[in-house]
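Taking it in order: structure first as structure tokens, then the write-up.
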Amino acid sequence: MRIDILTLFPNMMNMFFEESILKRAQKKGLVEVHFHDLHDYSLTKYGSVDDYPYGGAAGMVMAVEPLANCIEGLQKERPYDDIIYTAPDGEILSQPMANQLSLAQNLMILCGHYKGVDERIREHFITREISIGDYVLTGGELATAVICDAIIRLVPGVIGDEQSALEDSFQDGLVAPPEYTRPPEFRGWKVPDVLLSGNHAKIEQWRMEQAIQRTKERRPGLLADLKASPHDNTKTKKNKQQ
Ligand code: ADE
């Protein structure tokens, strides 16, 4: 998988990808991440890529031409499965969405900033708009890091024990059951007997019951989603560049 990230702050982005699993994924050659500094596409001698919004509203808007030049330059080199824009009014990131995106060959992610981008970029290039929650961040860089983390860990081979990614919370529409490790008793706090029983069928049944119970308590909305649409609750705009 290749991910091209378009940002005004490539240095801020770098640090997320230079540690832990994201770093290993790149070292193993499973994922390539490329940063593109949008200042390099500026049409002014000052390197700015933003401008005042028409209509006199407060704040600055990322201008259409530098962004279009950057996006089209990349599109000439390879087809993209999705061109993502991070925005607070996008579709909320979910596990099914991360699963789907982890199957992509090439992704482009535009990190939003200021008041946002000129709407023509959204209309003519962006195929998917993603929010990481109903709150406003200073910019799309943190959101992009979160999205990339959620996707990259699902790419086959990135996590050593692949089963563990499949057993994550949300993978089956449920949150994960509780986990324990040694010792079996600490300060009188005991590991549930069933986990020490060696009876795998019973253990599986217990884990499922716990997952359902926890989901009811903590994320009742997930159970409703599961009933409404058991296999897919993602929506995507059609690829506009194809
Ligand atoms: N940019 C600003 N806030 C954001 C959010 N919540 N999700 C994605 N991108 C954002």
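Using a 10 Å cut-off on Cβ atoms, rank the peptides 131-139, 105-113 from the highest mean neighbour count down.
On the way: 131-139: 12.7, 105-113: 22.8.
Highest mean packing first, the order is 105-113, 131-139.
Arranged from highest to lowest average of other beta-carbon atoms within 10 Å per residue, in what order do the peptides 152-158, 193-199, 5-11 appear? Could the numbers behind the result be given before it?
Numbers: 152-158: 17.7, 193-199: 12.0, 5-11: 20.0.
The peptides rank, most packed first, as 5-11, 152-158, 193-199.
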Net length gained if the chain between Leu223 and Asp40 were fully extended (0.36 nm per residue, minus Cα distance):
61.2 nm
Among Ser131, Met97, Phe9, whose Cα sits farthest toward the positive end of the charge dipole of the chain (+1 at Cβ of Lys/Arg, -1 at Cβ of Asp/Glu, about the Cα centre)?
Met97
I want to check the label-to-label distance for Gln205 and Arg187. Put each point 7 Å from Cα in the C-beta direction and report it in nm to one decimal.
3.3 nm
Once amide H atoms are built 1.01 Å from N in the peptide plane, which residues 5 or more positions from Val117, or in another chain, come under 5 Å H to H?
Met62
Using all C-alpha to C-alpha distances in the chain, build P(r) with 10 Å bins and read off the rounded percent in each one.
7, 26, 30, 20, 11, 5, 2, 0
With r defined as the distance between the Cβ atoms of Glu77 and Asp51 and R0 fixed at 35 Å, what FRET efficiency is calculated, to the nearest 0.05?
0.80
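Taking a temperature of 37 °C and a viscosity of 0.692 mPa s, what whole-number D in µm²/s does Stokes-Einstein yield for segment 169-228 with Rh from Kirkwood over alpha carbon pairs? Working shown, then result.
Details: Rh = 12.7 Å.
In µm²/s, the coefficient rounds to 258.
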222 nm mean residue ellipticity, helices alone, for the chain (DSSP H n ≥ 4; -39,500 (n - 2.57); rounded to 500):
-11000 deg cm²/dmol
³J(HN,Hα), Karplus 6.51/-1.76/1.60, whole Hz, each residue of segment 96-106, x for Gly, Pro
x, 5, 4, 4, 5, 5, 5, 8, 6, 8, 9
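Would you mind checking the pairs Lys27/Lys190; Lys27/Lys202; Lys27/Lys115; Lys27/Lys76; Lys23/Lys216; Lys23/Lys76 and listing those with alpha carbons more than 30 angstrom apart? Before the final figure, lay out the partial values.
Values: Lys27/Lys190 41 Å; Lys27/Lys202 40 Å; Lys27/Lys115 36 Å; Lys27/Lys76 26 Å; Lys23/Lys216 36 Å; Lys23/Lys76 27 Å.
Cα-Cα > 30 Å for Lys27/Lys190; Lys27/Lys202; Lys27/Lys115; Lys23/Lys216; rest within.
What is the dipole size for segment 2-152, taken about its Cα centre, with +1 at each Lys and Arg Cβ and -1 at each Asp and Glu Cβ, in debye to the nearest 20? Walk me through the numbers on the way to the answer.
Numbers: 12 positive and 22 negative charges, 92 e Å.
Roughly 440 debye, rounded to the nearest 20.
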With a 1.4 angstrom probe the carbon and sulfur portion of accessible area for the chain, in percent, totals 53 percent
Distance in nm between Glu179 and Asp89 label points, each 7 Å along Cα→Cβ, equals 4.0 nm
Measuring from centroid to centroid over Cα atoms, what is the spacing of segment 137-152 and segment 38-94 in Å?
16 Å
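Please give the contour-minus-distance gain from Leu195 to Leu103: 0.36 nm per residue of separation, less the Cα-Cα distance, rounded to one decimal in nm.
Details: separation 92, 0.36 × 92 = 33.12 nm, distance 3.45 nm.
Additional length available on full extension: 29.7 nm.
Rolling a 1.4 angstrom probe over the protein heavy atoms, how many square angstrom per residue are accessible across the chain?
Details: 14190 Å² over 242 residues.
Result: 59 Å² per residue.
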Residues whose modelled amide H sits under 5 Å from the amide H of Val33, counting only those 5 or more places away in sequence or on another chain, are Ile3
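The values are calculated or read from the model by the stated rules, or taken from the named source; none is laboratory data. Predicted model, so just to flag it, every value in this text is computed and none were measured. Glycine also receives a Cβ, built like all others from the backbone with ideal geometry; neighbour counts cover every protein chain displayed. What goes into the accessible areas is simple: the full protein's heavy atoms, side chains included, and nothing from ligands, DNA or RNA. Shrake-Rupley method; radii C 1.70, N 1.55, O 1.52, S 1.80 Å.
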